Ligand code: HEM
């Protein structure tokens with residue numbers, strides 16, 4: 001078999017055009033079928049449109065507002081509280097626990113016991129699902145890892161998903177019998193899928209994978225952004241002491257720090273697509289059917305003509321031309337644009353003035369909770385980058401709390 005031709009797109013405008021191309025199909029998870037087969041981000045055309053339209057119903061302003069103001073704050077506080085009481089934490093583990101707890105609510109994975117052991121079990125599953133989704137980057141025995149992930153999916157199904165499905169089916173029956181209002185149904189992806197399972201012809205294994213996908217899409221990206229943003233806030237306020245007051249009292253500042261972090265360090269440094277037809281891009285590049293197109297987000301997000309002088313610098317007060325997002329293209333664009341963007345990173349603060357009902361997003365809210373507890377890098381225990389990963393993930397990030 002001949003190797004496919006890879007076309008790399010590195011400019012901001014070309015990347016925007018490619019994201020919007022209907023004849024380019026998702027290619028990022030080609031080896032990740034064990035978790036990613038038939039999940040939203042891997043669908044194309046009508047199938048994608050039908051599923052997305054349905055799931056969009058959850059990701060509306062009223063749900064975001066309810067999540068950010070009512071559902072999530074107690075979860076953020078209860079995840080953080082034991083660490084604050086102890087006076088220290090390791091942020092990488094804490095971030096995954098916190099964001100997994102939040103993503104479980106969005107996905108619809110119940111936590112019947114609510115014990116630390118249960119959190120740990122779910123966290124172990126999540127880590128395996130992440131490995132399954134990104135098998136393309138796995139350095140060891142892929143087949144053995146695929147088997148391990150498949151076994152974890154079966155165990156997760158029995159332990160977490162089936163009880164969550166049973167509770168939702170019972171609530172849906174009560175709603176259909178007029179015993180409860182629609183607003184009383186759980187507001188999560190699993191409930192939406194179950195209510196529309198027939199219409200979308202969703203077999204149970206797809207419901208399983210779609211729920212797992214939401215768990216990892218919500219948790220992993222937000223957890224990484226949370227640790228990186230905190231690191232950037234710590235470093236920036238040290239170099240710019242005049243901004244410390246903003247970090248301690250202005251959620252809008254922390255939201256801008258989150259956006260700037262996500263621009264500089266997108267959750268995936270590339271987006272990948274397969275060409276389903278010959279395409280000529282506006283710059284004259286010819287993409288042939290069967291070619292692979294790689295969007296280099298790291299480069300597109302740092303284009304000087306778009307993001308201003310010193311585009312590599314972390315500057316939460318950066319001034320941008322109208323129509324350019326502070327997070328660059330890190331939430332994608334077009335048909336696969338991130339469905340959880342507003343939930344994770346809030347609304348764009350247009351013109352810098354936020355209305356009373358402005359939503360800041362769960363990453364800035366969680367960052368704020370750490371700063372409010374006077375969380376700061378542990379001077380005795382410097383943070384270390386993960387040596388096994390080339391994407392500049394933190395391996396450990398010890399912090400201390402309190403005075
Ligand atoms: C900092 C946080 C996040 C970042 C940086 C991020 C980034 C992205 C990107 C780049 C894409 C597009 C992928 C592509 O075009 O190939 C995407 C899609 C997606 N994201 Fe996020 N995401 C974040 C948080 C979330 C959260 C919290 C959720 C769930 C509630 C979520 C759910 C999804 C889903 C379901 C898709 C697929 C959409 C589709 O294919 O129609 N993401 N995300």
- Task: Determine, yes or no, whether residue 31 is within 27 Å of residue 286 (Cα to Cα), modelled with pLDDT under 95 and more than 9 Å from the ligand (Cβ to nearest atom).
- Result: yes
- Message: Can you find, within the stretch 176-202, the residue that is nearest to the ligand (Cβ to nearest atom) among those that are in a loop (DSSP other than H, G, I, E, B) and surrounded by 11 or more Cβ atoms within 10 Å (Cβ to Cβ)?
- Response: 188
- Among residues of the stretch 78-94, those that are out of contact with any helix residue (DSSP H, G or I) (no Cβ under 7 Å at 6 or more places or on another chain) and not in a helix (DSSP H, G or I), counted: 3
- Message: Restricting to the stretch 41-86, give me the number of residues that are touching a strand residue (DSSP E or B) at 6+ places or on another chain (Cβ under 6 Å) and surrounded by fewer than 13 Cβ atoms within 10 Å (Cβ to Cβ).
- Response: 0
- Checked the stretch 208-238 for anything within 13 Å of the ligand (Cβ to nearest atom) and without any contact (Cβ under 8 Å) to a residue 60 or more places away in the chain; matches are none
- In the stretch 98-116, residues that are surrounded by 22 or more Cβ atoms within 10 Å (Cβ to Cβ) and not in a loop (DSSP other than H, G, I, E, B) total 8
- Select from the stretch 17-30 the residues that are over 20 Å from the mean Cα position of the chain (by Cα) and surrounded by 14 or more Cβ atoms within 10 Å (Cβ to Cβ) and list them in ascending order. 17, 18, 21, 23, 24, 25
- So which residues in the stretch 244-284 are in contact (Cβ under 8 Å) with a residue 12 or more places away in the chain, away from the ligand (no atom under 16 Å from the Cβ) and surrounded by 14 or more Cβ atoms within 10 Å (Cβ to Cβ), if there are any at all? 247, 248, 251, 252, 253, 279, 281
- Message: If the requirement is being crowded, with 19+ Cβ neighbours inside 10 Å, in contact with a strand residue (DSSP E or B) (Cβ under 7 Å, 6 or more places away or on another chain) and part of a helix (DSSP H, G or I), which of these qualifies: 207, 227?
- Response: 227
- Message: Just to be sure I understand the filter: pairs with C-beta atoms under 6 Å, separated by 6 or more residues or on different chains, first member in the stretch 41-61 and under 19 Å from residue 215 (Cα atoms), second member surrounded by fewer than 17 Cβ atoms within 10 Å (Cβ to Cβ). Which pairs pass?
- Response: 54/196
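Out of the stretch 349-363, which residues are within 14 Å of the ligand (Cβ to nearest atom) and more than 17 Å from residue 66 (Cβ to Cβ)?
Filtering the stretch 349-363 for residues within 14 Å of the ligand (Cβ to nearest atom) gives 359-363.
The one that is within 14 Å of the ligand (Cβ to nearest atom) and more than 17 Å from residue 66 (Cβ to Cβ): 363.
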- Query: Do you know which of the residues in the stretch 40-62 that are farther than 23 Å from residue 277 by Cα and assigned to a loop (DSSP other than H, G, I, E, B) is nearest to the ligand (Cβ to nearest atom)?
  - Reply: 59
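The values are calculated or read from the model by the stated rules, or taken from the named source; none is laboratory data. Keep in mind it's a predicted model, so treat the numbers as computed, not measured. Heads up, the Cβs are rebuilt from the backbone with ideal geometry, glycines too, and the neighbour counts pull from every protein chain shown.
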